[in-house]
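Readers should treat all values here as calculations from the given coordinates under stated rules, not as data from a laboratory. These numbers were taken from a predicted model, which means no experiment stands behind them. Here the Cβ positions follow ideal geometry from the backbone for every residue, glycine too, while neighbour counts run over all protein chains shown.
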């Protein structure tokens, strides 16, 4: 078993939840990291870099049509055509990738999946031939999604050798893990990870674990796993992809981050339209609320109190805290102090969107969380 998940709490707050991350590298020299991508090259490179930051792999295999867009030190490259459909991509995963893997296992990732927390690694993830994020089915065939999954080299070779009996069908993960699974288990003595183990490995739809898993899949989960600056970086890259825009993947981000709606509308406009957009909208206000809420520290004994405290906050153009004060006391000194400390802990804030100093007020209450109200430019409170 891996290390105990001390301190790995999945923080689910309105707007912009993030994960506690450990800067530890896990030894995965039995595993080959595999990325196959021919359209979303830059996002794929970022996903690979995130994985390499947290793990040491036996090999890194990148299959792409544009090597220059996916430069990764030490990686093995395989040229592939720009797959016209998802089906051709899946066929390559089944019949092209196995010959490139020389380690006992392969971790297959996509442009919207990567390792979150190496401390979450468990050695028994490699006790099975297949492990991926659980689905929502209740029939015992719930593992799992292939957007971020480990499969054994033995299983991969088996699918190549038995392609006449187990032909690739799309979607490949559902076909492999639900339609073919029982027959493959019986014929080849293969095993799938139990759902509780798979939940520690990764998440996608529906199942959100109480602690940070090893990895995840899905652009719709980006607000859950990325802090604001990195989220905006990836979203801006994603907006340039015709495929991501056309199939509505950007809009799925708003499912877990409604405050992103205004940003997506804003960023889809022309440059001239952007100049006419108000600099302080609900999107940035939602970001400030989230930052404050993530750093909330209530005074002991005030958790069940109905009192509220309003504080004024001044941040500079870089987002650093310059001043904060109580403008409306709760009548409870400890709660007032906790509200000020909350602002101090939250600094630095996201940079103001217009690059100028910003002052705002926010109300803090034990039960209601916090609510940002007025946002104005200024150098003094």
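For the pair residue 356 and residue 127, what calculated FRET efficiency results from E = 1/(1 + (r/R0)^6), where r is the Cβ-Cβ distance and R0 = 51 Å, to the nearest 0.05?
Using R0 = 51 Å, I get an efficiency of 0.35.
How far apart, in nm, are two points set 7 Å out from the Cα along the Cα-to-Cβ line at residue 53 and at residue 136?
Simple spin-label model gives 3.1 nm for this pair.
Considering only DSSP beta bridges with both partners in region 26-220, what is the antiparallel share in %, to the nearest 5?
Expressed as a percentage, antiparallel bridges in region 26-220 total about 35.
Which distance in nm do the two modelled labels at residue 73 and residue 195 give, with both placed 7 Å along the Cα-to-Cβ direction?
4.4 nm
Report the extension gain between residue 187 and residue 255 in nm, rounded to one decimal, defined as 0.36 nm multiplied by the number of residues separating them, less their alpha carbon distance.
20.4 nm
Quick check for you: which residues of region 139-168 have the amide N under 16 Å from the point 7 Å beyond the Cα of residue 95 toward its beta carbon?
156-168
Taking R0 as 45 Å, what's the FRET efficiency between residue 86 and residue 24 from their Cβ-Cβ distance, rounded to 0.05?
Efficiency for this residue pair is about 0.85.
Tell me, what is the FRET efficiency for residue 325 and residue 237 to the nearest 0.05, using R0 = 41 angstrom and their Cβ-Cβ distance as r?
Once the sixth-power term is evaluated, E becomes 0.55.
When the Cα centres of region 28-85 and region 163-220 are compared, how far apart do they sit, in Å?
Centre-to-centre distance over Cα atoms comes out at 21 Å.
For residue 247 and residue 164 in the same chain, what is the full-extension length gain: residue separation times 0.36 nm, less their Cα-Cα distance, in nm?
This chain segment gains 26.6 nm when fully extended.
Which order do the peptides 100-112, 150-162 take when ranked by the mean count of other beta-carbon atoms within 10 Å per residue, highest first?
Output ranking for 100-112, 150-162: 100-112, 150-162.
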